[in-house]
Amino acid sequence: MTLRLTEEQERALALLARAEGISEHEAAVRAITGAAARRVRDERVRALSREGRARHAGMLDRLAR
């Protein structure tokens, strides 16, 4: 796989790799993995919030008054 980056993105990746003391490849892999984990976690939190709001809609309406 080839990852095409702008010059600015290449500089950012190089800075990240140096700051972490790892290769640019490893920095890219960690960034992708971390973003995916945050996204899944954020989606799960939103789903739980929707479920809770639906389950307790009546009580929430009464509290809002």
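Residues in the range 4-29 that are surrounded by 11 or more Cβ atoms within 10 Å (Cβ to Cβ) and small (Gly, Ala, Ser): Ala12, Ala14, Ala17, Ala27, Ala28. Only residues that are of a type in the set (S, T, N, Q) and either exposed (fewer than 10 other Cβ atoms within 10 Å of the Cβ) or farther than 27 Å from Glu10 by Cα (or both) were counted in the range 30-65, giving 1.
We did not get these values from a lab; they are worked out from the coordinates using the rules stated. The model shown is predicted, which means the values in this text are computed figures rather than measured ones. We place every Cβ from the backbone using ideal geometry, glycine too, and count neighbours over all the protein chains shown.
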